[in-house]
1. Antiparallel DSSP bridges in the chain: what percent, to the nearest 5?
2. Rank the residues 308, 266, 124 as a footprinting-exposure proxy: fewest other Cβ atoms within 10 Å of their Cβ go first.
3. Taking neighbour Cβ counts within 10 Å as the exposure measure, how do 187, 16 sort from fewest upward?
4. Most mobile of 231, 246, 18 per a Gaussian network model of the chain (Cα springs, under 10 Å)?
5. Quote the FRET efficiency, to the nearest 0.05, computed for residue 255 versus residue 44 with a Förster distance R0 of 35 Å and r equal to the Cβ-Cβ distance.
6. Ratio of alpha-carbon Rg to the 2.2 N^0.38 Å globular estimate for the chain, to two decimals, please.
7. If a helix is a whole DSSP H run, which ones in the chain reach 18 Å or further along their own axis (Cα) and hold a mean Kyte-Doolittle hydropathy of at least -1.0?
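What follows is calculated from the coordinates using simple rules that are stated; it is not laboratory data. This structure is a prediction, so every number in the text was calculated from the model and none was measured. So basically every Cβ, Gly included, is an ideal-geometry build from the backbone, and we count neighbours across all protein chains shown.
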Amino acid sequence: MAEFIAPGVFRLTGDIRVESYGSVAGKKESEGPLGDCFDEIAEDSHLGCETWEQAESLLQRRAAGIAVTKAGLTKEDVDLVCAGDLNNQCIASAYGLRELGIPYIGLYGACSTMAESILTAALFAETGAVRRTLSVTSSHFSTAERQFRFPLSYGGQRTPTSQWTCTAAGAVMLSGSGGIKVAGGCIGVIADMGINDMTNMGSAMAPAAAETIRRYLTATGTSPEDYDHIVTGDLGTVGSELLPQVLDTVGIDIRSRHRDCGAMIFDAADGDTQDTHCGGSGCGCSAAVLCGHFLPLLETGQAENILFAATGALMSPLILQQGETIPSIAHLVHFRRV
């Protein structure tokens with residue numbers, strides 16, 4: 001069973017491992033610095049579908065299919081799928097995975113959903129209730145813009161602090177096989193610094209990431225130097241500058257270890273020639289970069305220990321229109337090479 005360390009922080013004592021993983025990304029993502037990392041590239045944002053929502057469902061189904069195929073399995077070998085996305089009622093997951101016939105748990109953690117789904121799946125496996133699980137998340141630029149900001153045809157101006165929602169998906173298969181162990185995790189607490197600008201998500205989410213990383217390091221008695229990379233989900237360039245500053249106040253320096261999926265997936269940190277401003281966002285961003293870049297580093301021995309802290313803004317346009325601020329959260333997964 002999982003070993004309790006501190007509230008929300010635990011070690012996994014069972015042998016829960018990453019058996020396989022898969023990633024799918026859109027054309028714009030494939031033109032960024034990590035373009036060669038992804039298993040599949042969707043050249044058309046509609047993926048041959050009639051709507052963007054249908055396209056996002058297909059993204060998720062393809063990522064799941066890649067993970068299943070890599071493991072040499074069929075969908076009948078999977079006992080549980082934990083999935084989520086940014087759409088209302090998680091429709092990309094529900095409609096995308098409905099034909100698989102796998103027991104399903106839908107999750108919503110905004111852009112933190114990939115870490116949330118892996119933690120949920122790992123804890124189910126730790127109990128012995130399931131043998132093999134899939135964690136899947138996705139996002140799509142056009143579905144997110146339509147839901148959270150403005151219709152694309154509106155042609156609204158994007159602010160300098162805005163990020164580009166990635167058209168991408170990732171899937172991780174957990175079982176008792178593989179060379180990467182899920183060693184532990186930290187369930188995030190909600191942080192709210194009073195920010196109400198939906199175009200400045202990095203600033204809103206950085207405090208949540210800092211608190212989750214601080215809690216895990218403190219509870220486990222480890223330091224940033226014990227890990228090859230401390231990865232955040234999609235703080236982008238603004239949030240990535242703020243995160244070390246927040247951790248400085250509690251005596252933790254992660255600068256030499258910190259990497260951010262949102263800052264990595266596009267060229268935002270190097271001239272912004274892709275016009276994404278502060279980088280990528282969306283739960284497909286961290287999912288695709290985890291499965292396309294960081295898990296391969298562990299599998300090939302280029303890294304031994306990685307903390308993956310996906311971040312999410314737990315708001316809706318309606319609640320912001322009512323004058324509320326943006327609460328955020330970050331969930332953390334500790335991956336260790338066996």
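1. 65
2. 124, 308, 266
3. Taking fewest neighbouring Cβ atoms as first place, the list is 187, 16.
4. In this elastic network of the chain, the residue with the biggest mean-square fluctuation among 231, 246, 18 is 246.
5. Between residue 255 and residue 44 the formula returns 0.35.
6. 0.90
7. Helix filter hits for the chain: 52-70, 113-127, 201-220, 236-248.
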